[in-house]
Structure formats: structure tokens, C-alpha cells
1. In contact with a His (Cβ under 6 Å, 6 or more places away or on another chain), in contact (Cβ under 8 Å) with a residue 12 or more places away in the chain and within 30 Å of Val143 (Cα to Cα) - does that describe any residue in the stretch 224-245?
2. Any chance the stretch 35-46 includes a residue that's buried (at least 18 other Cβ atoms within 10 Å of the Cβ), touching a helix residue (DSSP H, G or I) at 6+ places or on another chain (Cβ under 7 Å) and modelled with pLDDT of 90 or more?
3. Taking the stretch 95-144 as the search range and keeping residues that are within 13 Å of the ligand (Cβ to nearest atom) and among the acidic types (Asp, Glu), which one is surrounded by the most Cβ atoms within 10 Å (Cβ to Cβ)?
4. Please pick out the residue among Leu60, Leu38 that is of a type in the set (A, V, I, L, M) and away from the ligand (no atom under 16 Å from the Cβ).
5. Which pairs do you get when a residue that is closer than 15 Å to Val113 by Cα and free of Cβ contacts under 8 Å to residues at least 60 places away in the same chain, found in the stretch 49-61, comes within reach of a residue that is within 7 Å of the ligand (Cβ to nearest atom) and assigned to a loop (DSSP other than H, G, I, E, B), reach meaning Cβ atoms under 6 angstrom, with the pair 6+ apart or on two chains?
6. Might you let me know whether the stretch 122-138 holds any residue that is among the basic types (Lys, Arg) and under 26 Å from Ile56 (Cβ atoms)?
7. Where in the stretch 168-270 are there helices (runs of 4 or more DSSP H), lying wholly inside it, with at least 2 residues that are hydrophobic (A, V, I, L, M, F, W, C) and under 26 Å from the mean Cα position of the chain (by Cα)?
8. Count, please, the residues in the stretch 63-79 that happen to be farther than 25 Å from Pro106 by Cβ and within 9 Å of the ligand (Cβ to nearest atom).
Amino acid sequence: MSELGNSFIDVNARNFDDRAGVTDQRANEISRNILSHLPKQNHISILDIGAGTGEIGAYLCGQDRTYTCLEESKDMIAAFAKRASTLGLEHCTFLQGDANTTWPFPDQSKDVVFGSRVFHLLDPVHVVHETLRVLTPTIGTFVMGKVKRDKQSPKDRFRTKMRELLIEYGAQPRPSEKRRAGILDQLEKAGMHTLATQTIYSWETTHRPIDSISNWAQKDTMGGILPPQAVKEKVLTSLRQWALDVYGDLDKDVPTQEHYILEMATFDKQ
Ligand SMILES: C[S@@+](CC[C@H](N)C(=O)[O-])C[C@H]1O[C@@H](n2cnc3c(N)ncnc32)[C@H](O)[C@@H]1O
């Protein structure tokens with residue numbers, strides 16, 4: 001992640017738990033589901049990539065497990081370490097590092113590679129390479145947690161329209177969803193088998209059309225690329241008109257549903 005991105009997250013680490021919407025109860029449900037799919041053996045070694053403040057990670061720590069997180073942000077790690085000390089957690093290690101470089105663990109040393117809401121930020125080819133290197137070949141399990149929106153959610157409709165407009169005005173957006181799907185495809189090609197996707201919980205939320213437009217207006221990137229300024233302006237103008245036609249009012253709260261899902265691949269034959 002860029003220095004800018006990292007310092008943004010550092011500044012926001014204190015508020016991250018509130019914004020992210022993973023309550024204690026939900027984090028518990030996520031971890032229970034993950035643990036129920038893990039190989040039944042005495043001592044499991046879990047690696048959590050981009051653990052943040054440890055909302056979920058804290059529930060993965062335990063007597064019969066070794067838990068390590070690899071997290072880029074110092075502030076996130078400090079918040080997680082504080083949480084761990086308050087809860088009296090043992091057998092957990094926090095490492096600061098960039099998961100887009102070689103993961104600082106020996107080959108075949110982890111039974112589980114877990115990442116929640118992080119893999120879309122990383123190079124998928126690197127994630128696959130390092131996952132296959134550090135996972136134990138017999139029981140190794142990869143777990144990816146992410147937030148899925150309904151296809152008709154305003155955020156997704158905006159994204160789809162924005163990408164169509166970029167193409168219409170001569171730019172080529174970067175494939176997005178394929179990046180994450182690609183990780184599981186590649187792990188499957190390497191001999192792992194994927195398990196059925198689990199929806200852990202769903203929630204109602206709202207989105208204001210104006211927020212999507214302002215968000216892209218403030219960022220340099222759009223659709224994963226840096227479009228020429230003239231193209232960006234044309235896209236934003238057309239997007240605003242499209243949103244007015246579809247939603248009538250750019251400031252209104254449009255209701256939508258979101259879901260936290262887990263996707264897994266494993267070498268385990270049980
Ligand atoms: C959206 S948060 C998710 C936190 C946590 N996994 C959860 O779901 O609650 C993404 C986390 O990934 C971390 N991160 C982003 N890029 C990273 C990288 N290249 N290496 C390690 N951690 C990274 C961020 O610092 C942040 O804590």
C-alpha cells in the first residue's frame with residue numbers, strides 16, 4: 001500500500017472498529033465458522049493477513065492454536081496488541097510487514113492462511129504464491145472473508161455504470177472481482193479444493209448516490225486506473241445525470257443489503 005494509504009489507515013485505526021461494522025458477536029460468528037472448518041488436529045497454526053485491530057483475529061487466538069498476524073499498519077497492530085492484553089490472550093504474535101512482499105515464515109509452516117477484507121488490496125499472484133509456499137500440504141486451508149453487496153445495490157450499480165462510462169470514453173478499467181475470484185481459481189489449479197461459500201450474516205444499510213460521485217471526484221483513480229482528467233470529468237458528469245434519472249435525488253438514502261461471506265480452499269481430504 002502507498003505511504004498515503006498507510007498513513008490514512010494509521011490515522012483512522014482508532015475509529016476503524018466503529019466504521020467496519022464487525023461487532024463482537026459477528027466476529028465471534030465468523031471465527032466459529034472458520035474454526036469449524038479447520039482440520040481436527042491438536043495444534044493449528046493460523047496466519048491472519050491484514051488483521052487490522054484484531055476484531056476477528058482475537059477470536060482466532062486460543063490455547064490449542066498458534067496465531068500470527070501480518071499487518072502493515074503500526075497503529076492497527078498497537079490497537080490489536082492492546083485488545084489482546086485486555087482480553088488476556090496468549091499464543092498470539094503480531095508482525096508488522098507488507099503482505100505484498102515475501103511473507104516472513106518458513107515453507108509449510110502454517111495450517112491456515114486467513115484474510116478478511118484485505119485480499120482485494122494485494123497482488124493476487126503473490127497471495128497465491130505465498131499461500132502455497134507457507135501452507136502445510138496435507139491439511140493447509142485458505143480462508144477469505146469479504147463483504148458482498150447485492151447486485152442491485154446502489155454502490156454496485158454505480159461501479160458498473162462508472163466502468164461502462166470509462167470504456168465509452170476510451171479508457172480501460174482494471175478487472176476487479178476477477179482479482180479475488182482468481183485467487184481461489186489458482187489455488188484450485190494447484191490441487192486445493194474449494195468449499196461452498198458461507199454467508200455468515202447480512203445487514204441492512206443505506207447508500208446516498210452523491211457519496212459515490214463525491215468519492216470518485218476526490219480520488220485520482222477510477223476503476224483501478226488513473227484516467228486522463230478529461231475522461232474522468234466526462235464520466236462524473238454522465239454518472240451524475242444517470243443517477244438523477246435512476247434515483248431522482250442524489251441525496252436520498254437508498255436502502256440495500258450487504259453480506260459477510262467466507263470462501264475457502266483446502267488440501268484437507270476429510
Ligand atoms: C479493511 S481492513 C480489514 C481488517 C480485518 N481483517 C477485518 O476484516 O476486520 C484491511 C487491513 O489490511 C491491512 N493491509 C492493507 N494492505 C496491506 C499489506 N500490503 N500488507 C499487510 N497488511 C495490509 C490494513 O492495514 C488494514 O488493517
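1. Checked against the condition, which is being in contact with a His (Cβ under 6 Å, 6 or more places away or on another chain), in contact (Cβ under 8 Å) with a residue 12 or more places away in the chain and within 30 Å of Val143 (Cα to Cα), the stretch 224-245 yields no hits at all.
2. yes
3. Selected residue: Glu130.
4. Details: Leu60 fails: away from the ligand (no atom under 16 Å from the Cβ).
The conditions single out Leu38.
5. Here the result reads Gly57/Ala51, each pair linking the stretch 49-61 to a residue that is within 7 Å of the ligand (Cβ to nearest atom) and assigned to a loop (DSSP other than H, G, I, E, B).
6. yes
7. In the stretch 168-270, the matching helices (runs of 4 or more DSSP H) lie at 177-189, 209-218.
8. 1
The values are calculated or read from the model by the stated rules, or taken from the named source; none is laboratory data. Quick caveat, the model's predicted, so the values are computed rather than measured. Neighbour counts are summed over all protein chains in view; Cβ atoms, including those assigned to glycine, are modelled from backbone coordinates with ideal geometry.
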